[in-house]
Amino acid sequence: MADIFDFHFHPLGKQFLSNYDVEELKNDHYSNPVTLPPLGATLNDLLSRILNSQASVSQARQAGVKLGIANIITPEYVFASEKGVLKLLELDLFGKDVIAPLDSRIFDFIRKNRNYNFLFEREVGFYGWASTYPDKKSSKIKILTRKEGAQDNLKMEEGRLNLILAIEGGHNLLNEALDVVFPTNSLSEKIKEYRDKGHNYDYLYVTLTHLSHVPRVSLCSHAFGFKLVAANKVNEAVPVLNGLTRKGKETIRELMDCSNNEYPILIDIKHMSLKSRFDFYKERSNLLNDSAFKAVKKGNKKWWPIIATHMGITGYRYSEMTELFGEIGFERGLESSVRIRFERQRKMKVPVGWGVDHVCFNPMTINLCDDDIEEIAKSNGLIGISLDARILGHENFKKRNNSIDEYDYMSKDDFVRLFPEQAKKIIPLNEIPVEVETEEGFLGFAVRKERELYLFCFTLLHVARVIDQLTDKERNNKSGWEFLTIGSDFDGLIDSIKEAETATDLPSFRKEVKKALAKAEKSYVEAYDLPDGFEIIPRKSGKLQTDQVIDMVFGQNGINFVKEWWGVS
């Protein structure tokens, strides 16, 4: 079985959310998928796949995941609030879970205390326990670290799930309740603690923000991605800040400066707003040109790779985004942000099914623009492609037939600075989305599994093409395919694509991608009006190098990146 790498997943996440008493989780069943109640299982099958376990330890091991980045995240208040999605899933009947096995005590704690770091460190401790159960040599997982005897700690072991920890959301560093009047703990102190050589755990990256604005952890404006909660008028769900803040810049330096510490923690640009990302690229450049800033060296040059761990793409450059704008304006109850309706214009044919069917990338600004892709390649970074159907751009039939409510939100400051001319045209918006008739005509009937498979292939092709258009020097003498990997986000409450509903499907998904990629290339070339015979998949003596490309994306690229950055053996 070929090696598989996952840049972003949560192998113990759903187990941890199922019981506030972590000690009760410490048994032989910790590695198993979480079982849904009958109603929850039925809803999960009918509506989406966000509830079932997708990447438990046993599922990841069965798939042959050789190395994965296990993300720790405490759900923010916006999830646990009375209008939040997790609150809706907490339904109990006679003391029994009805929809999902979520322990309400966890969400009660979040609602009352919002001491995110307390729960974060409990989950980290759960990972630590699992790595030594029943003993360190025969445990099912191994946690890699650069610290304390790094030679052994950085060696991947066969037959075990090798994991590196990461932090999803800067709010996880907040070690005091939000209602503390005079806070004494700072994010800076927590970062120093986690980077310290003597600390038990090590982290590959931090995702600065997540899906909501968290007071006192205002590092940057987040990209909107929480439609259900926004519809319920939860203000924390929509962006309100102006790009990367002063505190955000300070945090970035504390994570990456090697003046007094040799264990930098990378910044993952996922969940950052479009302007936050652009601000970050500028700040990174300023720091690399600052002689007082000490970075990791690669040869005689400073190396600071930009990473985006579980992404989709817009398919456009930032300067082209205005072509997709429909109505823009302020929505009553969410006046701190500008609401934008995006239109999906560029369509790619799905070359299977009955009739002519099309798919489009997801134009929401939570996804990468071509400008982002270029920045990552120039930095010698890495892009993980999400297996969340919604992120990739999947639309249900009703949406395809009406082309409605592709709504994004941007903070007022972000919007005005990125789109000053469009800001002059802002209008009051209706509370209820207005359906817009499509010009499509008859729609084909490629099934959801096929549509999502081709969306994934189109995403790979687009990223590779954008990077290959750079000069050899700009892309560090690599091909565009060498910057791509899988960042599934399994068990991150995603609607996983049908061809890869869980980690156990990754080997078969790999085979399906291999079979579809050449057909997808032809459709992509037509959609982007590229010259006949334009090649994105490399050829050798006229023969497609699909096997090599798939091996890189599903395993080699991610493992090679971590080996180069951390020295993993």
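Each value in this text was obtained by applying a stated rule to the coordinates, not by laboratory testing. Small disclaimer: the values here were computed from a predicted structure and weren't measured. FYI the Cβ positions are ideal-geometry reconstructions off the backbone, even for glycines, and counts take in every protein chain you see.
Numbers below:
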{"quantity": "Unit charges on C-beta of K, R, D, E only; dipole of the chain, Debye", "calculated": "1040 debye"}
{"quantity": "Dipole-positive endmost among SER58, PHE509, SER259 within the chain (Cβ charges, Cα centre)", "calculated": "SER259"}
{"quantity": "Cβ crowding within 10 Å averaged over residues, with 533-542, 520-529 ranked highest first", "calculated": "520-529, 533-542"}
{"quantity": "Rel. contact order, % - alpha carbon contacts under 8 angstrom, at least six apart, the chain", "calculated": "17 percent"}
{"quantity": "Peptides 53-60, 501-508 ordered by average Cβ neighbours within 10 Å, highest first", "calculated": "53-60, 501-508"}
{"quantity": "Difference of contour (0.36 nm per residue) and Cα-Cα distance, LYS137 to GLU189", "calculated": "15.4 nm"}
{"quantity": "Built amide H within the under 5 Å cut-off of SER273, gap 5+", "calculated": "SER221, HIS222, ALA223"}
{"quantity": "Simple spin-label estimate for LYS473 and GLU121 in nanometres, 7 Å along Cα-Cβ", "calculated": "4.9 nm"}
{"quantity": "Listed residue (HIS213, GLY159, GLY169) projecting farthest to the positive dipole end of the range 112-217, Cβ model", "calculated": "GLY159"}
{"quantity": "Sorted by Cβ neighbour density within 10 Å, fewest at the top, the residues SER81, SER337", "calculated": "SER81, SER337"}
{"quantity": "Inter-label distance, nm, simple model (7 Å from Cα along the C-beta direction), ALA2/LYS227", "calculated": "3.3 nm"}
{"quantity": "The range 276-346 - percent relative contact order, Cα under 8 Å, separation 6 or more", "calculated": "16 percent"}
{"quantity": "Beta bridges by DSSP in the chain, antiparallel share as percent, to the nearest 5", "calculated": "40 percent"}
{"quantity": "For the range 4-566, the spread of Cα positions along each principal axis, largest first, Å", "calculated": "59, 57, 53"}
{"quantity": "Tensor-based shape of the range 471-569 (alpha-carbon gyration tensor, a/c under 1.5 rounded, otherwise prolate or oblate)", "calculated": "oblate"}
{"quantity": "Label-point separation in nm, ALA518 to GLU535, each point 7 Å along Cα→Cβ", "calculated": "1.3 nm"}
{"quantity": "Extension gain (nm, one decimal) between THR322 and ASN19, 0.36 nm per residue minus Cα-Cα", "calculated": "104.5 nm"}
{"quantity": "Ranking of ARG105, ARG341 by count of other Cβ atoms within 10 Å, fewest first", "calculated": "ARG105, ARG341"}
{"quantity": "Förster-model FRET efficiency, 45 Å R0, LYS511 and ALA177, C-beta, rounded to 0.05", "calculated": "0.35"}
{"quantity": "Linear extension gain, LYS298 paired with TRP129, 0.36 nm per residue minus alpha-carbon span", "calculated": "57.3 nm"}
{"quantity": "Relative exposure of CYS369, CYS220, judged by other C-beta atoms within 10 Å (fewest first)", "calculated": "CYS369, CYS220"}
{"quantity": "Estimated 222 nm signal from helices in the chain, with DSSP H stretches of n ≥ 4 weighted -39500 (n - 2.57), rounded to 500", "calculated": "-9500 deg cm²/dmol"}
{"quantity": "Charge dipole of the chain about the Cα centre (unit charges at C-beta), most positive-ward option of GLY333, GLN469, ASN27", "calculated": "GLN469"}
{"quantity": "Placed amide H near ILE143: partners under 5 Å, 5+ positions off or other chain", "calculated": "LEU163"}
